[in-house]
Structure formats: structure tokens, C-alpha cells
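One structure below.
The values are calculated or read from the model by the stated rules, or taken from the named source; none is laboratory data. This one's a predicted model, so the numbers in the text were calculated from it and none came from an experiment. Positions of Cβ are backbone-derived with ideal geometry, glycine not excepted, and every protein chain shown enters the neighbour counts.
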Amino acid sequence: MRAGTGALSGLLSAGAALAVAELGAAFVRPEAGPLTAVGGAVIDRTPPAVKDWAVREFGTDDKLMLQAGILVLLALIALGLGGLALRLRRTAMAGVFAFGLLGAFAARHRAGAGYVDVLPSLLGGVAGAAALWWLTRPVVAVRARDRAFDRRAFLIAAGTVAAGSVVAGTAGRLIGNGRRASIAAFRNRIRLPAPAEPAPPLPAGVDLRLAGLSSFTTSNSDFYRVDTALVVPRVDVENWSLRIHGKGVRTPLTFSYHDLLRRPLIERDLTLTCVSNEVGGPYTGTARWLGVRLADLLREAGVRPPSRGGPADQLVSRSTDGMTIGTPVEVVMDGRDALLAIGMNGEPLPFEHGYPVRMVVPGLYGYVSACKWLKDLELTTFADYDAYWVKRTWSQQAPIKTQSRIDTPKPFARLRIGTPVPIAGIAWAQHRGVSAVEVAVDGGPWQPARLAEVPSTDTWRQWVWEWTPSTPGSHRIEVRATDAGGAVQTDKRVGTVPDGATGRHSVVVTVT
Ligand SMILES: Nc1nc2c(c(=O)[nH]1)N[C@H]1C(S)=C(S)[C@@H](COP(=O)(O)O)O[C@H]1N2
Ligand SMILES: [Mo]
């Protein structure tokens, strides 16, 4: 009975603390909520190998798992503090408040946080401690005055705290959702201008249209998502601007969203790939991006590339959620289609993919080029500054490595002897281009695959090779690509850290 009272008091107090804090965060900003702030701090401190494992194991649900983990841990601690409160009430109250302090500390150290960001967690801590004080009153009264336990008083306190938490939590949700909905409504009303330079029409043969083969263009809903954001930022463009400044900038520039929309826009089909993609993995996609040529903006700001005497060799992009990404200035200004993208497959960037503005640079992995929710571009040097992932053991420079993937047949597919089947997939070596793909069965001779058309060297390329199985049993099908420079994709297996996986994808099938 007593233990139950303590446990329930602990849980209810923790619930009250969280609910009040989340209500406060609805007024301050979503990132100031303790769950988001602490979760973000955990993500930033997670060793790359563990992060890689989580992305692999849980995919896009990795963040959900993290928050569930934090909640379970909090519940366990709350149970402990509730028990403690029966004997050491003040200590337990201080314990609850300490968690408020922890949340406040995490919130204060999030990117872009101000002093107000500590308020939600502090208020939550006070509310939690007060709830614990009230809930444990009947128990304390028993000890102090040798009276029977006042069950009625406890139930009233418990009911009130629970109801209050639900009201506060719901109000926080509603306010937050209202703000998110109004930003979504704004995004829905945006009419993207026609491009000054439309994408070259896709050649008729870009898509082999085979069952099981990735389509040439990836829809926005199918496009992979990799980022550290616990809540997908919903940027209010009326309070947003993009700044260009730093070393070697003659004229610092600031653009509003509308400034960018008014500029000449170019449209390009580009393939984006994540460095965390394992051999054969899913973290790559191709979209038609609409945006401003980044090199034009840099030239307007007076930036020169290092090869023409510019003092800055690194362009650091910063997002509204505190991500930093470092890209070689030389690459951005070498004439390739490096974009500040505002459109993706005919619509404003989806929130998940960086609305209102993101970078896309053909030929580089996303973590060194593709900053989403962009708000700041700073010219600096690689010697002076390490961006987010570089501080976490990834390489400063990371051009795309040549890769190929078998999309069909799937592993362990059953094939019929004597019946031809298409072996098909995609290969990529952005900005160099793919010039050949070959397939080998059971380590036999390499057979040339037929390549689909491509609009440029900046996209992946579909390929197909027809195979007629002639012997029953298990067979291993392997693929390799050759880039336009004639370099054959290596079979040497390396992991994703520090600059991208290598090795060859293969699929084992059963022939009967
Ligand atoms: N703000 C922000 N931008 C980011 C990231 C991030 O974590 N935060 N991740 C980068 C990485 S690692 C990749 S691979 C691409 C993925 O872009 P996508 O989610 O639109 O596919 O975004 C890049 N831009
Ligand atoms: Mo990535």
C-alpha cells in the first residue's frame, strides 16, 4: 500500500513536470521542451558507430526509439523518487527539481537557444516538486500525527494532479499543433515561379520501368530522410532570412525567402546520397530540384574560390536546428549545379527535406553538402573550423564513391531454371558519371549490363542484365560499376565511417 502510494506519487509528479514543461515550450519554442532538448543532447553525444547502428536498426524510427527510451528511464527514476519521498520528502522534491534543471541545461545549450529556453523545464521542475509535496502529504501526516492514512486526501491530490497534467499537456499540444498547422497552410499557398532554366527534358530511356527497380525519380514521400532533428523544424519564413558572411566576403548579403523566389531559378535532376548508406543500402534518392545557383550568390558577395586567390576554402552552412555542414568552396564554385534548393519534384521543399531552403551539391555526400533548414552561410577555412559530423570522426572531405545496387531480384528470391529474368538496379558516381555496369554470377566472368539513359553525370543510372539460370541451387549475383573516368568500383569492403562504404553488392537467389 505504502509502496504503491510512493510509486504513484512519483509517476504523477513526473507527468506533471513534463506536461507543464511541454506547455511552456509551446509558448517558447518546440526545441525548448525537455524531451526534445535532452534527446537532442543525447543524439549529439552518441558515438558515430552507435548512431550508425540505430539508423540501420530502426531506420527513420530511430528518434522515436530514443524518445521512448528516455521516457522509460524517466519513469523508472520517478518510481524511485516516489519511494524516496515517503522517507526523505525534501530530498525527493529536490531530485524532481534537479531533473527540471537538467532539462533547462539541455535546452539552454541547444543551437539558437536564448535564456527563455530554460523556462519550460524550470517551471516543469517546480510543478513536479510541488505535485510530489502535495501527493505525499497524507503519508507524512500518518507519521507525524499517528493518524490513519487519509485515502480520500491522497485520491483528491492524485486526481487533481493527473487531470491538471492532462489539461496542461493537451493545451501544449494544441498550441504547438496550431502553430505548425498555420505554417503548413502558408507552405501550401506558395506558388513556385517557373524556372528561368528548366531541367533538360528527361531522355525517353531514363526509366527501364521494371518491376522491383527503383524509379528514376524518387517521389518526395519515398525519399530517404537522414537528420538529427527530433522535431522536424517548421520554419516561419516571415521570420526567416539567409545570411552570407565571413572570410573574403566583400559584401555580406541577407536574403528573405521572397528575395530568393524572385531570382532566376534553375531546375536540375540530382541524386543525393548519404555517407551512412551501406553497400546495397536505401539512403540514396533522385529528385528534380528547383533553386538558386549558389555560386552566383557567392560571387555577388564578392567571394573568390581558393584557386583564384580567395582566402576561404570552406563554406559552412548552418541550419535553424543548429546543424553545421562544411563544403569546399572550390567545389561549389567550379561550375557544377550547386543549388540553394527551394523546390523538390514540383512542390516547395517538404518540411522533412529542409523547407524553406536547403543546399544540394552534386558529387558530395549529404553530410558535407546538403544542409536542410538552412539559415546561414559562412566562409571560413577547413583549418579553422570543424563542422558537426567532422567533430564526430567523419572526414572533412567526402566526394561520392562509385556504387551500384541490385534492386531486383530480392535476396533469396526463387527463380525458375530456363526462364530469363532481368537482374536490374541502379549505379551512381555523381558528377563523374557511370559508364559501365557489369554483373557476375557465382564469381564467373563479368557480363556487361545494358545502361539506361541519363540527363547528366549528376544522377544515378539504371541498368539491367538478363540472366537465364541453367543450374539449380543457390547462386550469388554480384554487381560492379565503372565511372566515366574508367575507375572500376572496388571490391574492398570498408564501413561507412569516416567517408563512405565501399565493396560490392550481391544477392543470393535460389534456382529451382
Ligand atoms: N539541418 C540538417 N541538415 C542535414 C542533416 C541534418 O542532420 N540536419 N543531415 C544531412 C545528411 S547526413 C544527409 S544524407 C542529407 C539527407 O537529406 P534528406 O533527409 O532530405 O534525404 O541531409 C543533410 N542535411
Ligand atoms: Mo548523410
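Taken as a whole, the range 297-318 holds at least one residue that is crowded, with 19+ Cβ neighbours inside 10 Å and within 16 Å of ligand 2 (Cβ to nearest atom).
Scanning the range 483-512 for residues that are of a type in the set (Asp, Glu) and more than 22 Å from residue 392 (Cβ to Cβ) yields 483, 491.
Only one entry of 3, 49, 41 meets the criterion of being part of a helix (DSSP H, G or I), small (Gly, Ala, Ser) and at pLDDT 90 or above, and that entry is 41. Residues in the range 335-361 that are away from ligand 2 (no atom under 16 Å from the Cβ), aliphatic (A, V, I, L, M) and not in a strand (DSSP E or B): 338, 349, 357. Regarding residue 416, is this residue surrounded by fewer than 19 Cβ atoms within 10 Å (Cβ to Cβ) and within 16 Å of ligand 2 (Cβ to nearest atom)? No: the conditions fail for residue 416. Screening residue 381 on (1) modelled with pLDDT of 95 or more; (2) within 15 Å of ligand 1 (Cβ to nearest atom); (3) among the polar types (S, T, N, Q) shows it passes everything except condition (2). Looking at 287, 338, just one residue is of a type in the set (A, V, I, L, M, F, W, C), modelled with pLDDT of 95 or more and in contact with a Ser or Thr (Cβ under 7 Å, 6 or more places away or on another chain), and that residue is 287. Would a scan of the range 243-256 turn up a residue that is surrounded by fewer than 18 Cβ atoms within 10 Å (Cβ to Cβ) and in a helix (DSSP H, G or I)? No. Of all the numbered requirements in (1) farther than 25 Å from residue 230 by Cα; (2) of a type in the set (Gly, Ala, Ser); (3) more than 11 Å from ligand 1 (Cβ to nearest atom), residue 395 misses one, and that requirement is (1). Return yes when residue 322 is surrounded by fewer than 24 Cβ atoms within 10 Å (Cβ to Cβ), assigned to a loop (DSSP other than H, G, I, E, B) and more than 12 Å from ligand 1 (Cβ to nearest atom) and no when it is not. The answer is no for residue 322. When the criteria are applied in full, residue 209 meets the requirement of being surrounded by fewer than 18 Cβ atoms within 10 Å (Cβ to Cβ), away from ligand 2 (no atom under 16 Å from the Cβ) and at positive phi.
Exactly one residue out of 452, 487 is in contact with a strand residue (DSSP E or B) (Cβ under 6 Å, 6 or more places away or on another chain) and at pLDDT 95 or above, and it is 452.
Those helices (runs of 4 or more DSSP H) of the range 87-151 in which 1 or more residues are touching a Ser or Thr at 6+ places or on another chain (Cβ under 8 Å) and of a type in the set (Val, Ile, Thr) occupy 89-108, 137-145. The condition (being modelled with pLDDT of 95 or more, more than 16 Å from ligand 1 (Cβ to nearest atom), farther than 24 Å from residue 434 by Cβ and not aliphatic (A, V, I, L, M)) is satisfied by just one residue among 262, 225: 262. Within the range 191-221, the set of residues being over 23 Å from residue 338 (Cα atoms) and either among the aromatic types (Phe, Trp, Tyr) or touching a residue at least 24 places away in the same chain (Cβ under 8 Å) (or both) comprises 204, 205, 207, 208, 210, 211, 212, 213, 214.
Residues in the range 132-141 include at least one that is over 48 Å from the mean Cα position of the chain (by Cα), surrounded by fewer than 17 Cβ atoms within 10 Å (Cβ to Cβ), modelled with pLDDT under 95 and of a type outside the set (Phe, Trp, Tyr).
Of the residues making up the range 325-347, those that are more than 8 Å from ligand 1 (Cβ to nearest atom) and under 25 Å from residue 111 (Cα atoms) are 326, 327, 328, 329, 339, 340, 341, 342. Once the range 362-381 is narrowed to residues that are closer than 15 Å to residue 323 by Cβ and more than 10 Å from ligand 2 (Cβ to nearest atom), the residue that is surrounded by the most Cβ atoms within 10 Å (Cβ to Cβ) is 371. Within the range 470-504, restricting attention to residues that are buried (at least 18 other Cβ atoms within 10 Å of the Cβ) and polar (S, T, N, Q), the residue that is farthest from residue 52 (Cα to Cα) is 482.
In the list 321, 259, which residue meets the criterion of being under 23 Å from the mean Cα position of the chain (by Cα) and acidic (Asp, Glu)? Result of the check over 321, 259: 321.
Screening the range 362-456 for strands (runs of 3 or more DSSP E) wholly inside it with 2 or more residues that are under 26 Å from the mean Cα position of the chain (by Cα) and of a type in the set (A, V, I, L, M, F, W, C) returns the ranges 374-380, 421-428. Residues in the range 347-370 that are more than 18 Å from residue 458 (Cα to Cα) and free of Cβ contacts under 8 Å to residues at least 60 places away in the same chain: 2 in all.
Restricting to the range 264-283, and then to whatever is more than 11 Å from ligand 2 (Cβ to nearest atom) and part of a strand (DSSP E or B), can you tell me which residue is surrounded by the fewest Cβ atoms within 10 Å (Cβ to Cβ)? Looking at the filtered set, the residue picked out is 266.
Conditions (1) surrounded by 17 or more Cβ atoms within 10 Å (Cβ to Cβ); (2) more than 20 Å from the chain's Cα centre (by Cα), marked per residue:
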{"site": "35", "(1), (2)": "yes, no"}
{"site": "72", "(1), (2)": "no, yes"}
{"site": "77", "(1), (2)": "no, yes"}
{"site": "81", "(1), (2)": "yes, yes"}
{"site": "101", "(1), (2)": "no, yes"}
{"site": "120", "(1), (2)": "yes, yes"}
